[in-house]
Amino acid sequence: MALTIFILRLVLYVLASPMYLLDFLGLWGWICKKCFPHFLVRVSETYNKQMASQKRELFGNLQQFQGPSGKLSLLEVGCGTGTNFKFYPAGCGVTCVDPNPNFEKFLINSLAENRHLQFERFLVAAGENMRQVASGSMDVVVCTLVLCSVESPEQLLREVCRVLRPGGAFYFMEHVAAEPSTWNYFWQQVLDPIWYLLFDGCNLTRESWKPLERANFSQLKLKHLHAPLSWPLVRPHIYGYAVK
């Protein structure tokens with residue numbers, strides 16, 4: 001099986017050699033950062049439709065974590081185009097963090113469609129280093145389809161714990177590695193290197209539940225899900241929330 005995966009990957013490397021050449025020359029990252037937001041707008045709309053009931057379930061109890069001020073302060077890490085905004089409660093104060101500045105104009109469009117929210121600011125930063133966000137300043141941190149692409153999920157979760165107030169919650173929804181010995185896992189392994197290049201650093205075979213289980217949360221409510229998505233490769237999901 002390992003030999004088959006190696007051979008198939010080699011074929012893909014040859015077919016995708018122009019992309020790898022652009023990556024070697026330092027151009028692919030720039031192209032991806034420019035083009036990926038336009039691609040994500042379309043994909044996110046489809047994902048939201050197919051995962052609407054799961055997102056409503058996930059975000060249904062956000063309000064219970066509002067702070068003493070009576071206003072829910074929410075930080076979304078890897079906010080992308082703002083497709084989660086419609087699921088947030090009215091009056092929620094939203095701060096957005098994303099390493100790609102090209103998402104900002106799409107966020108503005110999403111905010112215009114979700115006037116029930118109070119937008120605080122957009123920060124260009126990686127989730128592993130959110131030094132612009134004060135420690136203990138957030139009631140809730142949200143992260144969807146992000147742990148698959150960050151360089152260090154462990155460091156991101158440490159930053160999440162830092163910015164959350166005591167008793168605050170971290171909400172997540174992520175595609176993950178399929179069960180070993182399944183055909184889905186086999187194709188995830190074959191396609192993982194080229195998927196990483198095509199989709200801005202996304203990893204198909206990341207077991208994102210493991211760093212969550214090791215993180216310093218007082219409670220963890222995590223569910224595994226076979227998501228009702230069109231692409232089988234990303235159907236294995238986890239979702240839930242963790243309390244600081």
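General remarks:
- Scanning the range 228-244 for residues that are in a strand (DSSP E or B) and either in contact with a helix residue (DSSP H, G or I) (Cβ under 6 Å, 6 or more places away or on another chain) or closer than 14 Å to Met173 by Cα (or both) turns up Pro236, His237, Ile238, Tyr239, Gly240, Tyr241, Ala242.
- The residues of the range 132-143 that are surrounded by fewer than 17 Cβ atoms within 10 Å (Cβ to Cβ) and not small (Gly, Ala, Ser) amount to a single one, Gln132.
- Set side by side, the residues Leu157, Leu111 differ, and just one is open to solvent by 10 Å² or more (accessible area, probe 1.4 Å), in contact with a strand residue (DSSP E or B) (Cβ under 8 Å, 6 or more places away or on another chain) and not in a strand (DSSP E or B), which is Leu111.
- Where Leu197 falls short, out of the listed (1) modelled with pLDDT under 95; (2) of a type in the set (A, V, I, L, M); (3) buried (at least 22 other Cβ atoms within 10 Å of the Cβ): (3)
- Scanning the range 114-131 for residues that are among the charged types (D, E, K, R), assigned to a strand (DSSP E or B) and buried (at least 17 other Cβ atoms within 10 Å of the Cβ) returns no hits.
- Every condition in (1) modelled with pLDDT under 95; (2) within 24 Å of Leu156 (Cβ to Cβ) is met by Gly70 except one, and the failing one is (2).
- Residue match in the range 203-222 (condition: in contact with a helix residue (DSSP H, G or I) (Cβ under 9 Å, 6 or more places away or on another chain), open to solvent by 40 Å² or more (accessible area, probe 1.4 Å), at pLDDT below 95 and closer than 24 Å to Ala16 by Cβ): no
- Scanning the range 170-213 for residues that are in a loop (DSSP other than H, G, I, E, B) and over 16 Å from the mean Cα position of the chain (by Cα) returns Ala178, Glu179, Pro180, Ser181, Thr182.
- Scanning the range 47-103 for residues that are among the polar types (S, T, N, Q), open to solvent by 20 Å² or more (accessible area, probe 1.4 Å) and in a loop (DSSP other than H, G, I, E, B) gives Asn61, Gln66, Ser69, Thr83.
The values are calculated or read from the model by the stated rules, or taken from the named source; none is laboratory data. Worth saying up front: this structure is predicted, and the values here are computed from it rather than measured. Every residue, glycine among them, receives a Cβ derived from its backbone with ideal geometry; neighbour counts consider all protein chains shown. Heavy atoms of the whole protein, side chains included, go into the accessibility calculation; ligands, DNA and RNA do not. Shrake-Rupley method; radii C 1.70, N 1.55, O 1.52, S 1.80 Å.
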